[in-house]
1. Can you give me the Cα centroid spacing of region 100-135 and region 56-76 in angstrom?
2. Shape of region 152-258 from its Cα gyration tensor (a ≥ b ≥ c, root eigenvalues): rounded if a/c is under 1.5, otherwise prolate when a/b > b/c, or oblate?
3. Toward the positive end of the charge dipole of region 7-135, about the Cα centre and with charges on Cβ (Lys, Arg +1; Asp, Glu -1), which of SER49, THR111, CYS62 goes farthest?
4. Given a 10 angstrom Cα cut-off, can you work out which residue in SER98, SER49, SER207 is the most mobile in a GNM of the chain?
5. Identify which of the listed values of mean projected area of the Cα convex hull in nm² was calculated from the structure shown: [x] 17.1; [y] 12.2; [z] 16.2.
6. List the trypsin sites (Lys or Arg not before Pro) in region 203-258 that DSSP assigns to loop (not H, G, I, E or B) and whose Cβ has at most 14 other Cβ atoms within 10 Å. Which are they?
7. Could you tell me which of rounded, prolate or oblate describes region 41-182, using a ≥ b ≥ c as the square roots of the eigenvalues of the alpha-carbon gyration tensor, with rounded for a/c under 1.5 and, failing that, prolate when a/b is larger than b/c and oblate otherwise?
8. Please give the charge dipole size of the chain, origin at the Cα centre, charges +1 on K and R Cβ atoms and -1 on D and E Cβ atoms. Round to the nearest 20 debye.
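Each reported figure results from applying straightforward, stated rules to the coordinates on display, with no laboratory input. These numbers were taken from a predicted model, which means no experiment stands behind them. In this analysis, Cβ positions are derived from the backbone assuming ideal geometry, glycine residues included, and neighbour counts consider all displayed protein chains.
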Amino acid sequence: MWDLGSNQSIPVAQHDAPIRTVHWIKAPNYSCIMTGSWDKTLKFWDTRSPNPMLAIQLPERCYCADVLYPMAVVGTASRGLIIYQLDNQPKEFKKIESPLKYQHRCTRIFTDKKTGGPVGFALGSIEGRVAIHYVNPTNPKDNFTFKCHRSNGPTSGVQDIFAVNDIAFHPQHGTLATVGSDGRFSFWDKDARTKLKTSDPLPQPISCCTFNSTGNIFAYASSYDWSKGHEGFDPQKMKPHIFLRSCFEELKPSSKKS
């Protein structure tokens, strides 16, 4: 953890294999860091103690996660998904199998427009596809998947398909952004089930993205994600970049109805 006041970093969490996810949880009665690892554990840390306050054994390696109190979602290898309830202390709420056929890459929780509470999550995979999944759907048809981050049309019968590297929901409009290994970002309206915008491709993949708290700025990072292996990396040309884009108008919901 990096203390901005003292400009010092201190270790606050430890696993037996690489740590894939790190999230901060702020509950009424506790605050902690949640870490998910390839050692098949989910751990919760009070930063004042070297030992975890809670460790949960996962059925498989942790590949992605998100937290929006009082809900956490963890995606594991073998297409597993576990939803946790964070009230009082973290506990498992539901296990489901992924609605996507291929490996998870990212997940992001979304909220109900009226109550503001978390009601579901978006899940992105390496197969250029995103699933919108409600935890307790009023209608099974509310859950759906859509294709993204693919070449515009088959060339010689072959279509290039890219991983979805990250997903972010706009804090005001509830629309979402996806970024992928194709070097593009796209904006979507999940309620109207329509695409709002797709960018021109960058020379290298977009690895992650987020919105600021007011939703005026869309930030995304461009860097090599190793999707084309070691031979696809050119250290002379592929330098990491962070971009900031004014986005409030572009993310307004579509006038179309689903």
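1. 13 Å
2. Values: a/c = 2.76, a/b = 1.41, b/c = 1.95.
It is oblate, given that a/c is not under 1.5 and a/b is not larger than b/c.
3. THR111
4. It is SER49.
5. Computed from these coordinates, mean projected area of the Cα convex hull in nm² corresponds to label [z].
6. Values: sites: LYS228, LYS237, ARG245, LYS256, LYS257; in loops: LYS228, LYS237, LYS256, LYS257.
Answer by residue number: LYS228, LYS237, LYS256, LYS257.
7. Details: a/c = 2.06, a/b = 1.54, b/c = 1.34.
Judged from the Cα gyration tensor, region 41-182 comes out prolate (a/c at least 1.5, a/b above b/c).
8. Working: 31 positive and 23 negative charges, 133 e Å.
Here the chain has a charge dipole of around 640 debye.
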